[in-house]
Number of protein chains: 2
Amino acid sequence: MSKHRVVVVGAGFAGLQLVHDLKGQPVDVTIIDRRNHHLFQPLLYQVATTLLATSEIAWPIRRLFRNRPEVRTLLGEAVAVDRERKSVALKDGQSIPYDTLVLATGARHAYFGHDEWEGVAPGLKTLEDATTIRRRILLAFERAELEDDPETRKALLTFAIIGGGPTGVELAGIIAELAHRTLVSEFRAIDTRAARIMLIEAGPRILPVFTQELSDYGRQALEKLGVEVRTGTPVTECGPEGVRIGEEFVAARTLIWAAGVQASKAAAWLGADADRAGRAIVGRDLTVPGSPEIFVIGDTAAVVTEDGKPVPGVAPAAKQQGAYVAKVVASRLAGKPAPTGFSYRHQGNLATIGRSAAVVDLGRIKLKGALAWWVWGLAHIYFLIGTRSRLAVAMSWLWIFLSGQHSARLITQKETLKDDSAP
Amino acid sequence: MSKHRVVVVGAGFAGLQLVHDLKGQPVDVTIIDRRNHHLFQPLLYQVATTLLATSEIAWPIRRLFRNRPEVRTLLGEAVAVDRERKSVALKDGQSIPYDTLVLATGARHAYFGHDEWEGVAPGLKTLEDATTIRRRILLAFERAELEDDPETRKALLTFAIIGGGPTGVELAGIIAELAHRTLVSEFRAIDTRAARIMLIEAGPRILPVFTQELSDYGRQALEKLGVEVRTGTPVTECGPEGVRIGEEFVAARTLIWAAGVQASKAAAWLGADADRAGRAIVGRDLTVPGSPEIFVIGDTAAVVTEDGKPVPGVAPAAKQQGAYVAKVVASRLAGKPAPTGFSYRHQGNLATIGRSAAVVDLGRIKLKGALAWWVWGLAHIYFLIGTRSRLAVAMSWLWIFLSGQHSARLITQKETLKDDSAP
């Protein structure tokens, strides 16, 4: 008799943790992802802002499981689930049967009904998003250097980051440092210090998941770096010429979207109930009502804790859910009672502001400033996969710290775009 | 009175050396390139084969000259030269006036009248070329893993590299190591060791610029790595299904072009005579006949030495030409007689075969095997720009050497292809 088949869709934090924790269980695992790599999303903003190289925060999925012969990695895009026949349909027509299915397909950025803004205000979820944003930021300075018209030049040197959560804050901080420090001596026609970097948040304050004190500190630290923080007014229009904040139009050629996410289509595949963000509503055991063999975890699931609070869409929550599902699967296979419902242990919130300050909220312990940056930096190096990546990222940061020079200031992608039809 | 204006088009080895050597001269320098980065082309094959990351072999041009206030860097594409009015036209409509013009715009791969082959058999000249080839190589293995039909699977696992010069040899060696070593433990449905890697050379032997002995050694070393070397028969057809070698058709889904180059359009811009490869024919002083203020150097120039031999299109030759032009410009400005014609000092030929063998021909000294690999490796680390890159590349190689794992096995680019119309 063949072994119990666990099919995992999505190799993000949740999916990887699950497969990792299934080690030693009598199962055949298939992990399916659209991409060949796992991406360390918490540092993606550093690729978008030229601090890190793409390969420093991404690892081939199949390499991570090379010593696990029972784990099969498939590069493919799931497009449907057949709950009756228990199989996942891939875009290329293949059908992958399962005994247990785990959907961990994450989320994309959401434009609140304005999908047409995506072309002018890209979000940050994939490596390509990061290199696209990197290219746009660098090209804006290059074009400003060539531009004679002062109005156009001003628009080229205006950067609007929409969304005041950690990603928006982190992007704004590094872009400000690029303009005010890194690039200053390299341009001849423009003064890059004249660049205007705006962080726009519709809510009353930036970093809303942090305490008021840390949020205030974050704002002051950003302003010290030269970022103009706008709170309390939503963006009402994004276009190639600029952004409208409430009624005011600001000419800005580089817009970046960091405001809100939309879950992947896992709920739709299952015909399951979803919340407003499209996340599948799961039970306390992370299964879909009516299908105890189907789990939905990570950013594509709407999970509530014992006390009724929603679990946030952060990497530690995804990992904890992956670990929980592994335990449930192991218990079921062993014929033991499954663990009680998933409980979430909040590990804290972290965000950096530029290259030397951060805010860290670990519950009882709250840190800000340079010490917080080091705590943040060490934590992230620790969570990277493999010695090689840890060394590489540590070296990149050390180099930036010592020399002020970023190592990945490359404008790429443009010329091979014709390659769309490639095999 | 304004200073003498030197305009340099192209920031390859020739252009960079020239601008470097003009330091201290009473000139205003404008360096124009289509890309924002200088690329270390000798290691580009390592990006294409997942050994190195893009940012390890590319540097922002304007960063290299940040401490030279008289050097202005422009991101732009030259499209014409007006010899009468002494100006270079850029694609965006701007016109850049010069007193001295140096065209160092390099070369692209050439398909010998079969430009339609480019889509199926990409060449290797830019970072995007490298990531395109990397993506195709990795995707071929991924698709083979998913493929049920044995014939299609075989075609997916057949890699044909066309051209037996150093680039072709280097690509074939690393692809063979990927298939026979790095990837073996990671696939479940296929045995990557069954992959067929073919190196196809129309001439009688590979590495024709090397001695017969080194060329023979290279062939044996490749065959030991599992590469099938075909010499003496030209490729007569490239298509999505495979390659025709003479009369024989070989089903192969991944073709890479490493056979011959075509100069950039510098000769056409000038209305100057060109040789068969499109290179502008210049005088012994590297100027264009009739315009002593216009120099053409590097891969886009046809230069002959005192003894009538053509100068090869290699990095040291380009650098020597850049250095020579800097001397001529300095002499002219000082009112001194210009140095006699350019003379080329050949520094040798190098090529690697996989990750542990190489052939090195320094004239009197000829090396092969592991020692040659170390000579090659140290030479290339020495020629990289900046301590940061040297450390990073040394660390990548050391890591590969110790662990056998490549650090940049990423399939990227596909999803943002829609981004073509981006600003």
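Just a few scattered comments:
- Per-residue extension of 0.36 nm, minus the Cα-Cα distance of residue B:3 and residue B:211, leaves a gain of 70.0 nm for this segment.
- Residues B:105, A:49 ordered from highest to lowest accessible area at a 1.4 Å probe: B:105, A:49.
- For a straight C-alpha distance cut-off of 19 angstrom, the aspartates and glutamates reachable from residue B:224 (same-chain residues fewer than eight places away being disregarded) are B:170, B:177, B:191, B:201, B:213, B:216.
- A/B buried area, accessible surface, summed, 1.4 Å probe, Å²: 6200
- Rg over Rh for region B:57-114 works out to 1.05, using Cα positions for both radii and the Kirkwood form for Rh.
- Per-selection Rg to Rh, region A:128-177 - Cα, Kirkwood hydrodynamic radius: 1.02
- Residues B:180, A:406, sorted by accessible area with the largest first, give B:180, A:406 [1.4 Å probe; ligands and nucleic acids excluded].
- Farthest toward positive dipole pole in the protein assembly as shown [+1 Lys/Arg, -1 Asp/Glu at C-beta], among B:133, B:292, A:386: A:386
- Whether the protein assembly as shown is rounded, prolate or oblate, judged on the alpha carbon gyration tensor where a/c under 1.5 counts as rounded: oblate
- Positive-end residue of A:320, A:270, A:259, charge dipole of region A:254-351 with Cβ unit charges: A:320
- Taking every residue in B:54-62 and counting other chain Cβ atoms within 10 Å of its Cβ, the average works out to 6.
- Remark: region B:217-227, residue by residue, has Karplus-estimated 3J(HN,Hα) of 4, x, 4, 4, 5, 5, 5, 5, 7, x, 8 Hz, where x stands for each Gly or Pro and the curve is 6.51 cos²θ - 1.76 cosθ + 1.60 at θ = phi - 60°.
- Region B:93-171 versus region A:69-99: alpha-carbon centroid distance in Å: 33
- Residues with amide H under 5 Å from that of residue A:198, placed H, sequence gap 5 or more: A:159, A:160, A:161, A:228
- Phi angles of region A:340-348 translate, via the Karplus equation with coefficients 6.51, -1.76, 1.60 and θ = phi - 60°, into HN-Hα couplings of 4, x, 4, 10, 9, 10, 6, 9, x Hz per residue; Gly and Pro are given as x.
- Heavy-atom accessible area, probed at 1.4 angstrom with all protein chains present, ranks B:178, B:350 as B:350, B:178, highest first.
- Percent carbon-and-sulfur accessible area, chain B, ignoring ligands, DNA and RNA, probe 1.4 Å: 54
- Value of D in µm² per second that Stokes-Einstein yields for region A:212-304, Kirkwood Rh from Cα pairs, at 20 °C (1.002 mPa s): 129
- By the helix-only formula, in which each DSSP H run with n ≥ 4 contributes -39500 (n - 2.57) and the sum is divided by residues, chain B has a 222 nm mean residue ellipticity of -9000 deg cm²/dmol.
- Cross-link reach is defined here as a Cα-Cα straight distance under 27 Å, omitting same-chain residues fewer than 8 places apart; for residue B:327 the lysines meeting it are B:3, B:23, B:86, B:265, B:309, B:319, B:336.
- Distribution of pairwise C-alpha distances over chain B, 10 Å bins, in %: 4, 21, 30, 25, 14, 5, 1, 0
- Here the average projected area of the convex hull drawn through the C-alpha atoms of region A:1-43 stands at 3.4 nm².
- Karplus-based coupling profile of region A:196-212, in residue order and whole Hz: 10, 10, 10, 10, 10, 10, 5, x, x, 8, 7, 6, x, 7, 8, 5, 4, with θ = phi - 60° in 6.51 cos²θ - 1.76 cosθ + 1.60 and x standing for Gly or Pro.
- Spin-label model, residue B:307/residue B:114: points 7 Å from Cα along the beta carbon direction are separated by 3.6 nm.
- For residue A:110, distant residues with modelled amide H under 5 Å away: A:261, A:262
- Each copy carries a label point for residue B:338 at 7 Å from Cα toward Cβ; from one copy, the others' points are 8.3 nm away, ordered from shortest.
- Calculated label separations, residue A:194, copies of the chain, 7 Å along the beta-carbon direction, nm: 6.4
- Those trypsin sites (Lys or Arg not before Pro) in region A:269-369 that DSSP places in a loop and that have at most 10 other beta carbons within 10 Å: A:276, A:345, A:364
- Shortest-first distances to equivalent copies, position residue A:383, nm, label 7 Å out along Cβ: 4.2
- With a simple spin-label model that places each label point 7 Å from the Cα along the Cα-to-Cβ direction, the separation between residue B:185 and residue A:228 comes to 5.6 nm.
- Principal-axis analysis of the Cα atoms of chain A puts helix A:387-403 at an angle of about 10° to the longest axis.
The values are calculated or read from the model by the stated rules, or taken from the named source; none is laboratory data. Remember, predicted model here, so these are calculated numbers, not experimental data. In this analysis, Cβ positions are derived from the backbone assuming ideal geometry, glycine residues included, and neighbour counts consider all displayed protein chains. Please note that ligands, DNA and RNA were not included when accessible areas were found on the heavy atoms of the full protein model with its side chains. Shrake-Rupley method; radii C 1.70, N 1.55, O 1.52, S 1.80 Å.
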